[in-house]
1. Output the residues belonging to region 28-50 that are out of contact with any helix residue (DSSP H, G or I) (no Cβ under 9 Å at 6 or more places or on another chain) and of a type outside the set (D, E, K, R).
2. Could you check residue 69 against (1) part of a helix (DSSP H, G or I); (2) small (Gly, Ala, Ser); (3) loosely packed, with under 10 Cβ neighbours inside 10 Å and say which number it fails?
3. Taking into account only those residues within region 25-52 that are within 22 Å of residue 6 (Cα to Cα) and open to solvent by less than 40 Å² (accessible area, probe 1.4 Å), which is modelled with the lowest pLDDT?
4. Quick one: which of 22, 5 is loosely packed, with under 11 Cβ neighbours inside 10 Å and assigned to a loop (DSSP other than H, G, I, E, B)?
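The values are calculated or read from the model by the stated rules, or taken from the named source; none is laboratory data. The shown structure was predicted, so the numbers you read here are calculated from the model rather than taken from an experiment. All Cβ positions, even for glycine, are placed from backbone atoms using ideal geometry, and neighbour counts span all protein chains on display. What goes into the accessible areas is simple: the full protein's heavy atoms, side chains included, and nothing from ligands, DNA or RNA. Shrake-Rupley method; radii C 1.70, N 1.55, O 1.52, S 1.80 Å.
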Amino acid sequence: MQPCLVKEIAESIVKLNDEEGLTVLVVEQNLDFMQTVSQRAYVIDKGSVVTHLDRSEICDTDKVSGYLAI
């Protein structure tokens, strides 16, 4: 996806949450996107939640990278 489109989607999600209190479920591996829009994250492996991360943990790139499959 084009970076400008990703940025626009992220801004829209944050705006919906801030202004409307709307919760949005996002399934994503783009770390920059996740760190922009997420207040919490759940790590799923083979269909099971293996851990959850709060906002401060999501912003810890080293910690989150350890859960991402490459």
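1. We begin by selecting, within region 28-50, every residue out of contact with any helix residue (DSSP H, G or I) (no Cβ under 9 Å at 6 or more places or on another chain); these are 29, 42, 44-50.
Within region 28-50, 29, 42, 44, 47, 48, 49, 50 qualify.
2. Condition (1) is where residue 69 drops out.
3. Here is the first cut: in region 25-52, the residues within 22 Å of residue 6 (Cα to Cα) are 25-43.
Among the residues that remain, those that are also open to solvent by less than 40 Å² (accessible area, probe 1.4 Å) are: 31, 33-35, 37-38, 41, 43.
Details: 31: 88, 33: 92, 34: 91, 35: 92, 37: 94, 38: 93, 41: 93, 43: 91.
Across region 25-52, the extreme among qualifying residues is 31.
4. Values: 5 fails: assigned to a loop (DSSP other than H, G, I, E, B).
So the residue among 22, 5 that is loosely packed, with under 11 Cβ neighbours inside 10 Å and assigned to a loop (DSSP other than H, G, I, E, B) is 22.
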